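Asker: Before I ask anything, let me first share the structure, which is written out below as structure tokens.
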Amino acid sequence: MMILVVFLYFCLACSAIWLFFFPSGRDFVTSMVARLDPRTLRLPCLATPQFGAAGRALCRFGARQLKAARRHRLLLAGASVLLLLPLLLAISMSNPAMLPGYEAGELAPNAQVAALLAGEQLVAPAPLPPLAFSTREVALVRPMLGDASRNWGLLHTDFAQRLLLAFKIMKEQHGYEMTLLEGYRSPARQDMLAGLGGHVSNARALQSYHQYGLAADCAFWRDGRLVISEKDPWAMRGYRLYGEVAGSLGLSWGGQWAMMDFGHTELRLRGVIQK
């Protein structure tokens, strides 16, 4: 189908060049229109016994046009390139993912992801003691974290499995042990956090994937304490790695936002949040 479209476009382009750049082309079209019989919409030269002479005249006309095309072959070639270039660029740069409603099928980036897709069910880690989330260091970075939900059972099953796999990869391949700071968030809590200002959250109730169990805020566990602040070079390196791992699992990472949230990941399912 694409070849046919290109061929038709080429023919139209050549016809346009012939009409705009060659006077003989315009003369031919003018003469044919002038001889058109409006009552029958037929060319008299094709309906009369003089058809043979007309055919020979048409052949002579074609030979003249061919000679003219040879004389102006450089101009003709340049004009053809200019006309075809946009189409060729569109074909070469096209991507099915540009089409609305298209979802690309991605290959599993490693054996662990393949195991997940094959049905491996990962188990949530043991919860940390509540005091770990209420230290002065944590409160400075993440206020009101003590009341946050860290119940893995309230998360969407698909999202929870991807997040657990991200934790597993971070620990086994990069040496970072991760923990869940907050998963599901009620609409009331979302509004309360938004009321604290844009530096905490810009989303109101039901505008965040937290309300649907499809988002989580995470941090690192090192030497018996939470490490959240990205001012720690070790933590910042971990956040970068976490973003790469999350992206390979089909999750969106908050570190790529204008208002960066390095510990945030979410699974954006279509139709969940009405924009």
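Asker: Tell me whether the stretch 145-159 contains one or more residues that are basic (Lys, Arg), open to solvent by 20 Å² or more (accessible area, probe 1.4 Å) and part of a loop (DSSP other than H, G, I, E, B).
Answerer: Among the residues of the stretch 145-159, at least one is basic (Lys, Arg), open to solvent by 20 Å² or more (accessible area, probe 1.4 Å) and part of a loop (DSSP other than H, G, I, E, B), which makes the answer yes.
Asker: Which ones in the stretch 230-258 are part of a loop (DSSP other than H, G, I, E, B), over 16 Å from residue 209 (Cα atoms) and open to solvent by 60 Å² or more (accessible area, probe 1.4 Å)?
Answerer: Selection gives 230, 231, 258.
Asker: Same structure again: Hey, can you tell me all the residues within the stretch 160-198 that are closer than 28 Å to residue 237 by Cα, touching a residue at least 40 places away in the same chain (Cβ under 8 Å) and assigned to a loop (DSSP other than H, G, I, E, B)?
Answerer: 176, 177, 198
Asker: Same structure again: Within the stretch 248-268, restricting attention to residues that are at pLDDT 95 or above and aliphatic (A, V, I, L, M), which residue is farthest from residue 185 (Cα to Cα)?
Answerer: Per the stated criteria, the residue is 249.
Asker: Looking only at the stretch 259-275, count every residue that is open to solvent by less than 30 Å² (accessible area, probe 1.4 Å) and either in contact with a helix residue (DSSP H, G or I) (Cβ under 6 Å, 6 or more places away or on another chain) or free of Cβ contacts under 8 Å to residues at least 60 places away in the same chain (or both) and tell me the total.
Answerer: Residues in the stretch 259-275 being open to solvent by less than 30 Å² (accessible area, probe 1.4 Å) and either in contact with a helix residue (DSSP H, G or I) (Cβ under 6 Å, 6 or more places away or on another chain) or free of Cβ contacts under 8 Å to residues at least 60 places away in the same chain (or both): 5 in total.
Asker: Quick one: count up the residues across the stretch 232-252 that are over 14 Å from residue 169 (Cβ atoms) and either without any contact (Cβ under 8 Å) to a residue 12 or more places away in the chain or under 17 Å from the mean Cα position of the chain (by Cα) (or both).
Answerer: 4
Asker: Also, quick follow-up: So which residues in the stretch 199-229 are hydroxyl-bearing (Ser, Thr, Tyr) and in a helix (DSSP H, G or I), if there are any at all?
Answerer: Within the stretch 199-229, 209, 212 qualify.
Asker: Could you grab me the full set of residues in the stretch 170-195 that are within 22 Å of residue 153 (Cα to Cα), in contact with a Ser or Thr (Cβ under 7 Å, 6 or more places away or on another chain) and open to solvent by less than 20 Å² (accessible area, probe 1.4 Å)?
Answerer: Passing the criteria: 182, 183, 185, 190.
Asker: Next up: Pull out all pairs, ordered by first then second residue, where Cβ-Cβ is under 6 Å, the residues are six or more apart or on different chains, the first lies in the stretch 134-146 and is closer than 16 Å to residue 180 by Cα, and the second is open to solvent by 60 Å² or more (accessible area, probe 1.4 Å).
Answerer: The qualifying pairs are 146/134.
The values are calculated or read from the model by the stated rules, or taken from the named source; none is laboratory data. If you're wondering where the values come from, they're calculated on a predicted model, not measured in any experiment. In this analysis, Cβ positions are derived from the backbone assuming ideal geometry, glycine residues included, and neighbour counts consider all displayed protein chains. Surface accessibility is based on the protein's heavy atoms, side chains included, excluding ligands, DNA and RNA. Shrake-Rupley method; radii C 1.70, N 1.55, O 1.52, S 1.80 Å.
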